[in-house]
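Q: Take this structure, written in structure tokens, and hold onto it; I'll ask about it next.
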Amino acid sequence: MIYTFTSQLSNLWKYRQLASELFWTYIKLRHVGSVLGFIWTLLNPILYILTYWVVFSLIIKMGLQNYPLFLIPGYLAWNFTFSSIVNSSESILQSKDLITKIAFPNEIIVLTNVVVGFVDFIISLIIFSIVILIFYPPISYYITFVPIILFLQILLTMGISLIVACISVYFKDVPKLIVILGNIFFFLTPIFYPLDIIPSKFRIIALINPLAQIINIYHDLIYYKVFPNPILIIITAIVSLTVFTIGFVVFNKLRFSFAELS
Amino acid sequence: MIICKDISKKFRWYERSDSLKTSFVKFFDKSKKIWEWYVLKDINLNIKEGEKVGLIGKNGCGKSTLLKLIAGIHIPTSGKIINNSSRMLALIELGVGFYKDLTGKENIKLNWVFNGLPKSELKNKFDEIVEFSGVGDFLNTPIKYYSSGMTARLGFSVAIHANPDLLIVDEVLAVGDAEFQQKCFKKIENLYQNNITLIFVSHNEADISKVCNRVIWLDEGTIRYDGNVQEALNLYKETIPENALYV
């Protein structure tokens, strides 16, 4: 199993130029025909964040100072993982022609989708950092640990996306189910509320959700300006790596049936 | 060299593969149907480097499946395939991998890397590809404005200039007009000097005898004849009713 996993990665490396060409293709094509173009990429999180800001600081009082500083990193992180999963759940079916007629490592389609989402995420994070600098200075030096967590998050997202992409080929209603599950998980993940307000007997729900841990760490680094519990980081790293590996193994096991099923 | 050892390919059609709901119902339904059929049965093949192999047979006899197995798109249900070509190019359908909103130029680039070829080589080949395809002024136009023939020509042009050591062609040449078809065959004949291996599916007797030096006749998933071109075509023709037009 380890052998096939590494050979799969080395085969992917051979196709890296395809990945980069596909990346630019996706970037070019996704806003074809839309008037606002790239602005859509930013407009979506901005509108949602504004809404949650209004709801949870004016209507329902969360009692957190500098609430946007709490809300924005968590929301953007959630948005990246969730939209990647949604896109991946449809990606294999949309690329039916390629998969049934060209021999290439199919996971490139899913992974490139995730990378496109990641680039959007990074761009929004950079814009957000400028906003913090202006409205909520100073930035703590803990922010330098953020790239490590970003790396873990992209591994986790790739793993889940690969698994979801596989299942969606077998069950065509999975993409619809994902959207509903996503809405439920949005509320179960500490995005607009801190993890510790969950009553301790229900906290297990958040603890088994790897994304909740990642967002929790972002909150520590960016909002609370403290160093997160190292054990938490180690657990998150192990979980992310495991999910990533499982994603690849599952995909590799099932990919040859795509050409027959899709 | 390609070695196919005892390969069989079974396809399945599950009644349950559509949605969660039907799968749930079918789980309790003991009379659920799984359709299975063998497309290929115990195929043994040995294709040496430089051979030009024609594949003939009726529709549904497994020609395309065999090509896809060799290309690595499908894996065999049982048996083993060894394919040690380093630059394989499979033309299962022309224009696959083209994005309709991208221009011809962008699509050439994308198609090139889709076949696992290094981008650095494209620079030298690019002008040749464009010229051979005859796309001309449409190079910077999105290919959704191309005619189907133009798209096919572009696809073939990219493939033929990729310098493959194994070229797999599945009936794709039927798309172009007569002039382009002739150009393609001239190009394929040129490849004889480069010692490439060719696997070629066609329903056209003349094309087969022009480019192939070995013919495999597939019939209902098994090899009926393997060898001499003329003999294969003759044997195959005998099984076809007299009033049918094509071989």
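The values are calculated or read from the model by the stated rules, or taken from the named source; none is laboratory data. For clarity, every value in this text was computed on a predicted model and none was experimentally measured. Cβ: placed from backbone, ideal geometry, glycine included. Neighbour counts: every protein chain shown. Areas reflect the complete protein model, heavy atoms only, side chains present, ligands, DNA and RNA absent. Shrake-Rupley method; radii C 1.70, N 1.55, O 1.52, S 1.80 Å.
Q: Specify the inter-centroid distance of segment B:102-136 and segment A:170-234, based on alpha-carbon positions, in whole Å.
A: 46 Å
Q: When the Cα centres of segment A:83-110 and segment A:21-38 are compared, how far apart do they sit, in Å?
A: Cα centroid to Cα centroid, the span is 17 Å.
Q: Additional query: Count the net charge of all other residues whose Cβ sits under 13 Å from the Cβ of A:Val110, scoring Lys and Arg as +1 and Asp and Glu as -1. Display every interim value, and only then the final one.
A: Working: positive: A:Arg255; negative: A:Glu90, A:Glu107.
Here the charged neighbours net out to -1.
Q: Would you calculate the separation in nanometres between label points at A:Leu181 and A:Lys253, each defined as 7 Å from the Cα along the Cα-to-beta-carbon direction?
A: For A:Leu181 paired with A:Lys253, the spin-label model returns 1.7 nm.
Q: Assuming R0 = 30 Å, what is the FRET efficiency of B:Lys48 and A:Val119, from their Cβ-Cβ distance, to the nearest 0.05? Don't jump to the answer; show the numbers that get you there.
A: On the way: r = 47 Å, r/R0 = 1.58.
Result of the calculation: an efficiency of 0.05.
Q: Could you tell me the convex hull volume per residue, in Å³, taken over the Cα atoms of segment A:41-110?
A: Values: hull volume 6.8 nm³, N = 70.
So the per-residue Cα hull volume is 98 Å³.
Q: Before I look further, what does segment B:48-238 give for accessible area per residue, probe 1.4 Å, in whole square angstrom? Working shown, then result.
A: On the way: 8260 Å² over 191 residues.
Value for segment B:48-238: 43 Å² per residue.
Q: Please tell me which of these pairs span more than 24 angstrom C-alpha to C-alpha: B:Lys105/B:Lys187; B:Lys9/B:Lys58; B:Lys10/B:Lys187; B:Lys5/B:Lys187; A:Lys14/B:Lys100? Present the calculation step by step, with values, prior to reporting the outcome.
A: On the way: B:Lys105/B:Lys187 22 Å; B:Lys9/B:Lys58 17 Å; B:Lys10/B:Lys187 36 Å; B:Lys5/B:Lys187 32 Å; A:Lys14/B:Lys100 26 Å.
Distance filter (> 24 Å) returns B:Lys10/B:Lys187; B:Lys5/B:Lys187; A:Lys14/B:Lys100.
Q: So what does the Cα-only Debye profile of chain B read at q = 0.17 Å⁻¹, as log10 I(q)/I(0), no solvent term?
A: Calculated log10 I(q)/I(0) at the listed q: -1.25.
Q: A further question follows. Which parts of segment A:218-262, residue by residue, lose 50 Å² or more of accessible area when the rest of the protein chains are there, as against the chain isolated (1.4 Å probe)?
A: So the qualifying set is A:Phe256, A:Glu260.
Q: Can you compute 3J(HN,Hα) from phi for each residue in segment B:88-96, using the Karplus curve 6.51 cos²θ - 1.76 cosθ + 1.60 with θ = phi - 60°, rounded to whole Hz and x for Gly and Pro?
A: Result, ordered by residue: 8, 10, 10, 9, 7, 8, 7, x, 6 Hz.
Q: Let me ask something else. Show that you can apply the helix-only estimate: for chain A, add -39,500 (n - 2.57) for every DSSP H stretch of four or more residues, divide by all residues, and state [θ] at 222 nm to the nearest 500.
A: Working: 11 runs with 191 residues, N = 262.
Computed mean residue ellipticity for chain A: -24500 deg cm²/dmol.
Q: Just tell me how shielded A:170-176 is by partners: mean number of partner chain Cβ atoms within 10 Å of each residue's Cβ, no decimals.
A: Working: counts 6, 8, 4, 6, 2, 0, 2.
For peptide A:170-176, the averaged partner shielding equals 4.
Q: Still on this structure, please answer the following. If you wrap a convex hull around the alpha carbons of segment A:1-77, what volume per residue comes out, as a whole number of Å³? All intermediate terms of the calculation are to be shown ahead of the outcome.
A: Numbers: hull volume 12.4 nm³, N = 77.
Expressed per residue, the convex hull around the Cα atoms of segment A:1-77 is 160 Å³.
Q: Estimate for me the total accessible surface buried between chains A and B (protein heavy atoms, probe 1.4 Å, no ligands or nucleic acids), in Å² to the nearest 100. Don't skip to the end; give the middle numbers.
A: Numbers: alone 14020 and 13740 Å², together 25040 Å².
Roughly 2700 Å².
Q: Reachable lysines from A:Lys201, Cα under 29 Å, same-chain residues fewer than 8 places away excluded?
A: By straight Cα distance, A:Lys201 reaches A:Lys61, A:Lys225.
Q: At 1.4 Å probe size, with every protein chain present, just tell me what the per residue accessible area of chain A comes to in Å².
A: Working: 12620 Å² over 262 residues.
For chain A, the per-residue accessible area is 48 Å².
Q: Please report Rg (one decimal) and Dmax (integer) in Å for the Cα set of the protein assembly as shown.
A: When restricted to the Cα atoms of the protein assembly as shown, Rg and Dmax are 27.2, 88 Å.
Q: Please report the net charge: other residues with Cβ closer than 15 Å to the Cβ of B:Glu49, K and R +1, D and E -1. Intermediate results must be reported in sequence, preceding the final value.
A: Details: positive: B:Lys48, B:Lys52, B:Arg87, B:Arg214; negative: B:Glu51, B:Asp165.
Around B:Glu49, the surrounding residues sum to +2.
Q: If you count, for each residue, the other Cβ atoms within 10 Å and average over each peptide, how do A:15-23, A:152-160 line up from highest to lowest?
A: Values: A:15-23: 18.4, A:152-160: 23.6.
Descending packing order for the listed peptides: A:152-160, A:15-23.
Q: Provide, as a two-decimal number, the C-alpha radius of gyration of chain A over 2.2 N^0.38 Å, N being how many residues it has. Show your work: numbers first, answer last.
A: Working: Rg = 19.1 Å, N = 262, 2.2 N^0.38 = 18.3 Å.
In units of the globular-protein estimate, chain A measures up at 1.05.
Q: Spin-label point model (7 Å from Cα, Cβ direction): what's the B:Glu128 to B:Asp226 distance in nm?
A: That separation, rounded to one decimal, is 3.3 nm.
Q: As a test, work out the antiparallel percent of DSSP beta bridges whose residues both lie in chain B, rounded to the nearest 5. Before the final figure, lay out each step's value.
A: Working: 21 of 38 bridges.
Around 55 percent antiparallel, to the nearest 5.
Q: Pairs A:Lys101/B:Lys237; A:Lys28/B:Lys144; B:Lys123/B:Lys186; A:Lys101/B:Lys109: which are spaced more than 22 Å apart, C-alpha to C-alpha? Mind dumping the intermediate values first?
A: Working: A:Lys101/B:Lys237 30 Å; A:Lys28/B:Lys144 15 Å; B:Lys123/B:Lys186 24 Å; A:Lys101/B:Lys109 18 Å.
Correct reply: A:Lys101/B:Lys237; B:Lys123/B:Lys186.
Q: Another question, if that's okay. Report, to the nearest whole %, how much of the accessible area of chain A belongs to carbon and sulfur atoms, 1.4 Å probe, protein only.
A: Numbers: 9290 of 12620 Å².
The value for chain A is 74 percent carbon and sulfur by accessible area.
Q: Also: Counting partner chain Cβ atoms within 10 Å of every residue's Cβ in A:68-78, what's the average? List each step's numbers first, then the result.
A: Details: counts 0, 0, 0, 0, 0, 0, 0, 0, 0, 0, 0.
Counting other chains' Cβ atoms within 10 Å and averaging over A:68-78 gives 0.
Q: Turning to a different aspect of this structure: Rank these residues by their accessible area, most exposed first, probe 1.4 Å: B:Glu131, B:Glu231. Don't skip to the answer; put the middle values down first.
A: Values: B:Glu131 145, B:Glu231 95 Å².
Correct descending sequence by accessible area is B:Glu131, B:Glu231.
Q: For peptide A:17-29, what's the mean number of Cβ atoms from other chains within 10 Å of each residue's Cβ? Write out the running numbers ahead of the final one.
A: Details: counts 10, 9, 1, 2, 8, 4, 0, 4, 7, 1, 0, 4, 4.
Mean partner-chain Cβ count within 10 Å for A:17-29: 4.
Q: Further question on the same structure: Could you pull out every whole DSSP H run in chain A that spans at least 15 Å of Cα extent along its own axis and averages 1.6 or higher on the Kyte-Doolittle scale?
A: In chain A, the long hydrophobic H runs are A:107-135, A:146-170, A:174-188, A:230-261.
Q: Find out how many positive minus negative residues lie around B:Phe138, taking Lys and Arg as positive, Asp and Glu as negative, among other residues whose Cβ is under 12 Å from that of B:Phe138. Display every interim value, and only then the final one.
A: Details: positive: B:Lys105, B:Lys144, B:Arg153; negative: B:Asp137.
Result for the neighbourhood of B:Phe138: +2.
Q: Need one number: nm distance between label points at B:Thr141 and B:Glu238, each 7 Å from Cα along Cα→Cβ, rounded to one decimal.
A: Label at B:Thr141, label at B:Glu238, 5.2 nm between them.
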